[in-house]
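J.: My questions will all concern the structure given below.
The values are calculated or read from the model by the stated rules, or taken from the named source; none is laboratory data. This structure is a prediction, so every number in the text was calculated from the model and none was measured. For neighbour counting, all protein chains shown are included, and Cβ atoms are generated from backbone atoms with ideal geometry for every residue, glycine included. Heavy atoms of the whole protein, side chains included, go into the accessibility calculation; ligands, DNA and RNA do not. Shrake-Rupley method; radii C 1.70, N 1.55, O 1.52, S 1.80 Å.
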Amino acid sequence: MDDLYLPELEAAWELDTGFLGCLRDGLFDRALFGDFVTTLTRVRVAEEALLPARFVTLLWFIPLFMEWQTERVTATCSHEEYSLARTRIEQQLERILGFP
């Protein structure tokens, strides 16, 4: 199977140390963001691959979750910067998961 970087994706959701976990506390950490985007860009999935449920679980919720955190992160980054970050992540998710 292609390398799905499951440990790194799991780590991104950790409350105190992961990019997505920090967003929950209203903290947009640029270094963690860079690491997270790098991980997403490394993920390669063959078009015919069946994906593990845990992998899909870790990814599908990200856009909705990030939308919910928009107001919380305005103290640590501008709305424009956050919007651009969300777009970069969503582009990677589209590449990884594809479209129906």
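J.: Within segment 83-100, how many residues turn out to be more than 18 Å from ARG30 (Cα to Cα), without any contact (Cβ under 8 Å) to a residue 12 or more places away in the chain and open to solvent by less than 90 Å² (accessible area, probe 1.4 Å)?
T.: Of the residues in segment 83-100, 1 are more than 18 Å from ARG30 (Cα to Cα), without any contact (Cβ under 8 Å) to a residue 12 or more places away in the chain and open to solvent by less than 90 Å² (accessible area, probe 1.4 Å).
J.: Mind checking which residues of segment 1-18 are more than 15 Å from ILE96 (Cα to Cα), of a type in the set (A, V, I, L, M, F, W, C), open to solvent by less than 90 Å² (accessible area, probe 1.4 Å) and out of contact with any Ser or Thr (no Cβ under 9 Å at 6 or more places or on another chain)?
T.: TRP13
J.: Another question, if that's okay. I'm trying to understand the selection: among the residues of segment 38-59, which are farther than 18 Å from CYS22 by Cα and free of Cβ contacts under 8 Å to residues at least 40 places away in the same chain?
T.: Correct list: ARG42, GLU48, LEU50, ALA53, THR57.
J.: Consider segment 28-82. How many of its residues are of a type in the set (Phe, Trp, Tyr) and surrounded by 15 or more Cβ atoms within 10 Å (Cβ to Cβ)?
T.: 5
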